[in-house]
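For reference, the structure is listed below as structure tokens.
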Amino acid sequence: MNVSEAIATRKSVRAFRPDPVPLETVTQILTLAARAPSGGNLQPWKVYVLAGAAREELIRRVAEARKEHPVGEKPEYHIYPAELAEPYRSRRFRVGEAMYGLLGIPREDTLARLAAFSRNWEFFGAPVGMIFTIGRQMQQGQWADLGMFMQNIMLLAREYGLDTCAQEAWAIWPTTLREFLSIPDHEAIYAGMAIGHADWDHPINRFESERVPFEQYVRVVERGL
Ligand SMILES: Cc1cc2nc3c(=O)[nH]c(=O)nc-3n(C[C@H](O)[C@H](O)[C@H](O)COP(=O)(O)O)c2cc1C
């Protein structure tokens, strides 16, 4: 598989088969992914890999925490701006509508939507999950570096016939994650990621996200203005 194929076939998968992913494969992916560039070669990423009984236990703990905090714990950072401006607001809205539409869940059925969303905290059934953290002192540049590391993982996964879903949804469980994984206070929890074999029979995986036209995000400047 070449890079173009990996990019073209990567999509967020939100239902996985339980088939195991060897930890050896995850190790290989994470080793190569760390060839990602980073400003000043800081390599500011850190990743906690969860499999087997540990993954099960984390899922159980979040389910328990949800009883006390139905809308999550206090996130460590603002996942989105409080007032998401256009056109971003509409883009976000469209993703939600399309996904829940595929599941046949109407807008007003908040409970069913929450139940579908809560599959995030089961890694959508994937046998391996990851939690990404970054030093609290790090700035925007280093968060971008972490994103490149994560993208490498998602693209390499394709080469191994695996699929992924990046999951900022994990950021609302900092207390539970911190306690369970002994994450030190100086690390901020950014996001999680599910990795495994996609369940292509599940309707949610029929979702194909759109992209805005080239002209809307590229400005080619060739001569003086
Ligand atoms: C950092 C990051 C966090 C994300 N968090 C979630 C999440 O918590 N739950 C989810 O279902 N999708 C999540 N996504 C997936 C996005 O919704 C998805 O990338 C976007 O809609 C484009 O679709 P595609 O990945 O299939 O191309 C996340 C993506 C990124 C890059």
Would you mind telling me which numbered condition in (1) basic (Lys, Arg); (2) within 21 Å of Ala169 (Cβ to Cβ); (3) touching a residue at least 60 places away in the same chain (Cβ under 8 Å); (4) not in a strand (DSSP E or B) Arg35 fails?
(2)
Pairs only if they're at least six apart or on different chains, beta carbon under 6 angstrom, first in the stretch 5-28 and under 20 Å from Pro203 (Cβ atoms), second of a type in the set (Phe, Trp, Tyr); list them, first residue then second.
Arg14/Phe124; Ala15/Phe124; Phe16/Phe124
Name the residues in the stretch 1-47 that are more than 15 Å from the ligand (Cβ to nearest atom), hydrophobic (A, V, I, L, M, F, W, C) and surrounded by 12 or more Cβ atoms within 10 Å (Cβ to Cβ), would you?
Met1, Val21, Leu23, Val26, Ile29, Leu30, Leu32, Ala34, Leu42
Would you mention how many residues in the stretch 70-115 are within 17 Å of Gly192 (Cβ to Cβ) and without any contact (Cβ under 8 Å) to a residue 24 or more places away in the chain?
1
Output the residues belonging to the stretch 182-225 that are surrounded by fewer than 16 Cβ atoms within 10 Å (Cβ to Cβ) and assigned to a helix (DSSP H, G or I).
Pro203, Arg206, Phe214, Glu215, Gln216
Of (1) within 14 Å of the ligand (Cβ to nearest atom); (2) within 22 Å of Pro81 (Cα to Cα); (3) outside any strand (DSSP E or B), Gly141 satisfies all except one. Which?
(1)
Which numbered condition trips up Leu50, out of (1) out of contact with any Gly (no Cβ under 7 Å at 6 or more places or on another chain); (2) surrounded by 10 or more Cβ atoms within 10 Å (Cβ to Cβ); (3) of a type in the set (A, V, I, L, M)?
(1)
Would it be correct to say that Phe214 is under 28 Å from Gly39 (Cα atoms) and more than 14 Å from the ligand (Cβ to nearest atom)?
yes
For residues that are over 24 Å from the mean Cα position of the chain (by Cα) and polar (S, T, N, Q), tally how many sit in the stretch 206-223.
1
Residue satisfying all of: in the stretch 169-205; under 18 Å from the mean Cα position of the chain (by Cα) and closer than 21 Å to Arg94 by Cβ; nearest to the ligand (Cβ to nearest atom) among these
Ala169
Taking first residues from the stretch 125-150 that are of a type in the set (Lys, Arg) and second residues anywhere that are in a loop (DSSP other than H, G, I, E, B), the pairs with Cβ under 8 Å that are 6 or more apart or on different chains are Arg136/Asp185; Arg136/His186
Residue by residue through the stretch 97-131, note down the ones that are assigned to a loop (DSSP other than H, G, I, E, B) and more than 18 Å from Arg17 (Cα to Cα).
Gly104, Ile105, Pro106, Arg107, Glu108, Asp109
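We did not get these values from a lab; they are worked out from the coordinates using the rules stated. In this text the structure is predicted, and so the values were computed from the model without any measurement. Counting neighbours? That spans all protein chains shown, and the Cβs are built from the backbone with ideal geometry, glycine included.
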